[in-house]
Ligand SMILES: *Cc1c(COP(=O)(O)O)cnc(C)c1O
């Protein structure tokens, strides 16, 4: 089998509406006086209000089923989009779902993604400071003793199983770029646990798609200068190995901009607030307060900085997250 055939042979459970739309944003381009801007609508992957994690979950759930697991367990912040999409995927495939969420149980009614986690029937374990899965091994041990067969999904679904979703997405994109006759394309995408960006870079090599990928770093802890790019390279290497690709990856293959971290993970500043209003008011498109709002704020700044040439086309990859808006009303209405 060649690498593309190997990708096609991996266990996969169909969960998303694919291909997601690729649309042009003429009013946003005009407002910014910049290059042409297109958007890949992975906020419209369909399952449980959509988002980029649905692509990863197709491969993660596929693998969980092959292993005969009956329950998915993963971790994230209280307004985690990844956890909400995992809860929806579990419901849609008849699996149980346990979420190890950071913080403490809120006293009032649940909002945003947390409300949806509850509606999808997930069991929630509150983990205080530990929002990145630190307490998952202990919970897994406890539930295994109780007879459950758990499939552990890492923080953000970013391992060499989940990130295959974004390797495959580059095949989908290749067909759409051809259809629209788009060339000189630069993808701009929010980058946090890394599966999205690493998968994209491997996918462009696998399918021979000539696009540049620029990640906008979202999380201080992860998007520091050296180490994050090194981890992207490590994950990309594992993806390539699984597919039998000869390509080797080093940190310098990964372009991550870390100048937009503001007050830290999940802190809404002027950059995010203005970007959310801009997309909403020029195109009627909803971004989210943590990832795509920050990424769009970064794109606006890069355009103002003259980072792109006039004949380049920007492809903003909308990774979803809008349900989190409803958990942040007070800060966003300000
Ligand atoms: C998880 C997430 C990202 C980041 O994707 P990674 O693969 O973790 O880098 C971006 N945007 C949204 C809305 C997300 O939920």
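The values are calculated or read from the model by the stated rules, or taken from the named source; none is laboratory data. Just so you know, these numbers come straight off a predicted model, no measurement behind them. Don't worry about glycine lacking a Cβ; one is built from the backbone with ideal geometry, like all the others, and counts go over all protein chains shown.
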Options 26, 35: the member that is more than 23 Å from residue 167 (Cβ to Cβ) and without any contact (Cβ under 8 Å) to a residue 24 or more places away in the chain:
26
Take residue 195 and decide whether it is in contact with a strand residue (DSSP E or B) (Cβ under 7 Å, 6 or more places away or on another chain) and either on the phi > 0 side of the Ramachandran plot or within 12 Å of the ligand (Cβ to nearest atom) (or both).
no
Enumeration of residues in segment 144-161 that are within 24 Å of residue 79 (Cα to Cα) and either assigned to a helix (DSSP H, G or I) or touching a strand residue (DSSP E or B) at 6+ places or on another chain (Cβ under 6 Å) (or both)
150, 151, 152, 153, 155, 156, 157
Of the residues 112, 121, 133, only one is within 23 Å of residue 14 (Cβ to Cβ) and either touching a helix residue (DSSP H, G or I) at 6+ places or on another chain (Cβ under 9 Å) or surrounded by fewer than 20 Cβ atoms within 10 Å (Cβ to Cβ) (or both); which?
121
From the option list 287, 332, 302, single residue qualifying as free of Cβ contacts under 8 Å to residues at least 40 places away in the same chain and either more than 16 Å from the ligand (Cβ to nearest atom) or under 23 Å from the mean Cα position of the chain (by Cα) (or both) is 287
Residue check, residue 277 assigned by TED's automatic domain parsing to the domain that holds residue 29 and over 30 Å from residue 181 (Cβ atoms):
yes
Listed residues 27, 65; which is in a helix (DSSP H, G or I) and either under 30 Å from residue 300 (Cα atoms) or within 16 Å of the ligand (Cβ to nearest atom) (or both)?
27
Among the residues of segment 31-38, is any in the same structural domain as residue 172 (by TED's automatic domain parsing) and under 23 Å from the mean Cα position of the chain (by Cα)?
yes
Would you please name the residue that is surrounded by the most Cβ atoms within 10 Å (Cβ to Cβ), looking only at residues in segment 162-195 that are over 14 Å from the mean Cα position of the chain (by Cα) and assigned to a loop (DSSP other than H, G, I, E, B)?
182
Might you let me know whether segment 46-53 holds any residue that is crowded, with 19+ Cβ neighbours inside 10 Å, in contact with a helix residue (DSSP H, G or I) (Cβ under 6 Å, 6 or more places away or on another chain) and more than 23 Å from residue 80 (Cα to Cα)?
no
Counting only residues that are touching a helix residue (DSSP H, G or I) at 6+ places or on another chain (Cβ under 7 Å) and within 12 Å of the ligand (Cβ to nearest atom), how many does segment 70-109 have?
10
Kindly indicate the residue of segment 36-45 that is away from the ligand (no atom under 16 Å from the Cβ) and touching a helix residue (DSSP H, G or I) at 6+ places or on another chain (Cβ under 7 Å) and also nearest to residue 156 (Cα to Cα) among those meeting that condition.
37
How about segment 309-324: which of its residues are modelled with pLDDT of 95 or more and in a loop (DSSP other than H, G, I, E, B)?
312, 319, 320, 321
Filter segment 198-227 for residues that are at pLDDT below 95 and either buried (at least 19 other Cβ atoms within 10 Å of the Cβ) or touching a strand residue (DSSP E or B) at 6+ places or on another chain (Cβ under 9 Å) (or both) and give the result.
219, 222, 223, 224, 225
